[in-house]
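Notes for the one structure printed next.
What follows is calculated from the coordinates using simple rules that are stated; it is not laboratory data. No experiment lies behind these values; they were computed from the predicted model shown. Heads up, the Cβs are rebuilt from the backbone with ideal geometry, glycines too, and the neighbour counts pull from every protein chain shown.
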Amino acid sequence: MITLYTFGPAFGLPDASPFVIKAQMLLKLAGLPFTEKRGGLRGAPKGKLPFIDDEGARVADSTFIRLHIENRHGFDFDAGLSREQRAQAWALEKLLEDHLYWLAVSDRWMNDANFYKGPVRFFDAAPAILRPLIIPLVRRKVRRDLAGQGLGRHSEAERAELAQRAVAALADILGDKPFVMGNTPCGADATAFAFITAGLCPLFESATRTAMEARPNLIAYRDRMMARYYPEAG
């Protein structure tokens with residue numbers, strides 16, 4: 001049995017992290033039975049969640065979890081796709097994971113209103129006397145990470161323009177298809193669902209959310225995927 005280490009449901013989402021949601025979806029798409037265990041950061045191979053324990057094989061990072069499933073369990077997430085389609089699907093995943101993700105980090109962590117509605121809850125387990133010291137320290141680290149990545153150097157208007165373009169690309173690729181690349185789900189659907197669901201979270205105000213709400217196909221896609229893969233949340 002595979003154990004997936006998660007943060008747990010939060011903000012009305014299946015998990016606080018889109019990468020954990022992606023890992024959940026990969027396991028569901030592959031039809032592999034798994035259990036979830038909250039926490040485990042101290043034992044995480046790369047110091048981050050998600051990671052899995054597959055009968056003693058510990059694999060960190062959602063992308064390497066996908067590769068592990070493909071290699072160990074013989075499941076091809078992109079079966080039926082041409083080489084060109086596989087390349088397009090992979091490029092879309094990276095647009096979401098390496099670009100839209102950082103917009104979400106900025107929106108959730110650097111916007112005070114969003115932060116105190118959401119990420120501040122991550123510190124509930126810390127002693128109350130230490131929170132006033134820990135919270136600013138962690139937020140400064142996130143700000144440095146954003147500056148190092150580059151997105152944190154842009155103005156709010158510039159970040160909004162990037163969000164609009166990324167969402168437009170995602171919506172146009174999806175079009176009126178039931179899944180990202182056609183009539184059957186592929187690996188990119190795990191990522192697309194994770195980031196669309198996170199982006200549409202009503203708890204957080206952001207340019208990404210505004211752009212997604214203006215795209216009916218993204219909302220319909222989120223709803224279809226939730227009904228199909230998370231029926232218990234309905």
Looking at the chain as a GNM with Cα springs under 10 Å, which of TYR101, TYR221, TYR116 has the largest mean-square fluctuation? TYR116
Among (i) 51, 33, 28; (ii) 52, 48, 37; (iii) 53, 43, 35, the entry derived from the coordinates for Cα extents along the principal axes in Å: (iii)
Using amide H atoms built in the peptide plane, which far-off residues or other-chain residues are under 5 Å from THR6 H to H? LYS37, ARG38, GLY39
Residues listed by number, the stretch 136-180, amide nitrogen under 17 Å from ARG224 label point at 7 Å toward C-beta: 170-180
Take the chain, connect every pair of alpha-carbon atoms lying under 10 Å apart with a spring to form a Gaussian network, then pick out the residue of ALA23, ALA60, ALA194 with the largest mean-square fluctuation. ALA60
Taking H as built 1.01 Å from N, whose amide H comes closer than 5 Å to the amide H of PHE204, not counting residues under 5 places away? none
Which cross-chain or sequence-distant (5 or more) residues have an amide H under 5 Å from the amide H of MET181, H modelled 1.01 Å from N in plane? CYS186
Scalar couplings 3J(HN,Hα) for the stretch 43-57 by Karplus 6.51 cos²θ - 1.76 cosθ + 1.60 (θ = phi - 60°), nearest whole Hz, x for Gly and Pro, are x, 5, x, 10, x, 9, 10, x, 8, 10, 10, 10, 6, x, 8
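Give the relative contact order (percent, whole number) for the chain; include only Cα pairs under 8 Å separated by 6+ residues.
Values: 268 pairs, mean separation 49.4, N = 234.
The value is 21 percent.
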Rounded to whole Hz, the Karplus (6.51, -1.76, 1.60) HN-Hα couplings of the stretch 90-103, x for glycine and proline: 5, 5, 5, 4, 6, 4, 6, 6, 10, 10, 4, 4, 5, 5
Any lysines with Cα under 20 Å of the LYS117 Cα? List them, leaving off those in the same chain fewer than 8 positions away. LYS141
For LYS37, list the lysines whose Cα falls under 18 Å from its own Cα; do not include residues on the same chain fewer than 8 positions away. LYS22, LYS28, LYS46, LYS48
In deg cm²/dmol and to the nearest 500, what is the mean residue ellipticity at 222 nm of the chain if only DSSP H runs of at least 4 residues count, each as -39500 (n - 2.57), divided by the residue total? -17000 deg cm²/dmol
Phi to ³J(HN,Hα) by Karplus 6.51 cos²θ - 1.76 cosθ + 1.60 over the stretch 109-126, Hz, x for Gly, Pro: 9, 9, 7, 4, 4, 5, 4, 7, 8, x, x, 4, 5, 4, 9, 4, 6, 6
